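Engineer: One structure follows; several queries about it will come next.
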Amino acid sequence: MDKTRYILILHFICLLAGCAFWFISYLDQINMINNGYLNKDSLSFRTKGWEGKLKNHKANYILMQYDSISPYFKYVHVNGHVKLPPIDYISGMSTAERTKYALIGKMVGTIANIPKSYEIIGYFHTPHSYRLQSQIWLVSKEAAIELTNGTNFDFSTPSGNARKVLDRLIGSEKYELIPRDQFGTYVLESNRMFPAFLTVSILFLAIMKVLVIFMWIRKDNAVIKVFYFSGSSYWRITGFLVQQKLLPYFFSSSGLLVLFLTFKFINPLWDNVWLYKLTYFVCAGWLVLLITLGFTIIKESVQKGGKRF
């Protein structure tokens, strides 16, 4: 009964941490939408006279190309599985089986400049984002850059280090990074206090998790002593505690990760940072439990001395 209770407490802590990680990423996505679909990790750059086809790359990314004179008119190159901003699709329209299509904001007054090869399939459903409401996206899955469409670029990827992905895609010698406050690009920093509160809460949950694990292991101090003084080997004592504590927690917490992974597919965000952090949080619990087990076995056996049967 004690084992089940402690495991449930540890899972509840992981559940709260997972919700906090997800909500922080959700707020980052809201800021990204309000900022014209740019986040704190996005890169702004200009090319050094380079144009042509982009290298074949498995990374997921959005590359926005535009002219500084008309920054709201963007040629958008999409690669891989990338979550687009919320869209109200025109009846019967979708991105499936299309290599070129247009998405526009509901505040756009005219569509006369949209090339005939791009068909409007929907409108940005982002009422709180003035930037997206004023933009025209000409989305293409054809990986080719023509500088007549503009020499300024914004690059975003959910695949981790944006600079590393961009270097592999274009080559570091072919572009020059520009400050994010130029050409109308910047990063919103709204909702800063709430994510900070959530971060402190996660730290508190991590401390609580360590304390619960320590209390759970200490309940078996007497059992370890009995095993040791009755002649059991360290390996037998370790095997018993691994079977009683580590393995049940390992398999049940793995099931919790599968549950969050399923939720990620049902309600995906721009990236999976929250899921990676939760995985580290859970794996750290396994490590703390293993270290605590080893330390307790040594402390309550060989360091106690005494005569063994």
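The values are calculated or read from the model by the stated rules, or taken from the named source; none is laboratory data. Model, not experiment: these values are computed from the prediction. Here the Cβ is made from the backbone with ideal geometry for all residues, glycine too, and neighbour counts use every protein chain on show. Ligands, DNA and RNA are stripped out before the accessible areas are found, and what is left, the full protein with its side chains, is counted by its heavy atoms. Shrake-Rupley method; radii C 1.70, N 1.55, O 1.52, S 1.80 Å.
Engineer: What residue, among those in segment 1-60 that are acidic (Asp, Glu) and part of a loop (DSSP other than H, G, I, E, B), is modelled with the highest pLDDT?
Structural biologist: This residue is Asp41.
Engineer: Something else: Scan segment 230-239 and give yes if some residue there is surrounded by 16 or more Cβ atoms within 10 Å (Cβ to Cβ), at pLDDT below 70 and not β-branched (Val, Ile, Thr), otherwise no.
Structural biologist: yes
Engineer: Quick one: how many residues across segment 90-104 are in a loop (DSSP other than H, G, I, E, B), under 27 Å from the mean Cα position of the chain (by Cα) and of a type outside the set (S, T, N, Q)?
Structural biologist: Qualifying residue count, segment 90-104: 1.
Engineer: Pairs, please: C-beta under 6 Å, at least 6 apart or cross-chain, first residue over 13 Å from Ile217 (Cα atoms) and in segment 284-299, second open to solvent by 30 Å² or more (accessible area, probe 1.4 Å) and of a type in the set (Lys, Arg)?
Structural biologist: Qualifying pairs under 6 Å: none.
Engineer: Those residues that are open to solvent by 20 Å² or more (accessible area, probe 1.4 Å), in contact (Cβ under 8 Å) with a residue 40 or more places away in the chain and in a helix (DSSP H, G or I), I need them from segment 131-149; list them, please.
Structural biologist: Passing the criteria: Arg131, Leu147, Asn149.
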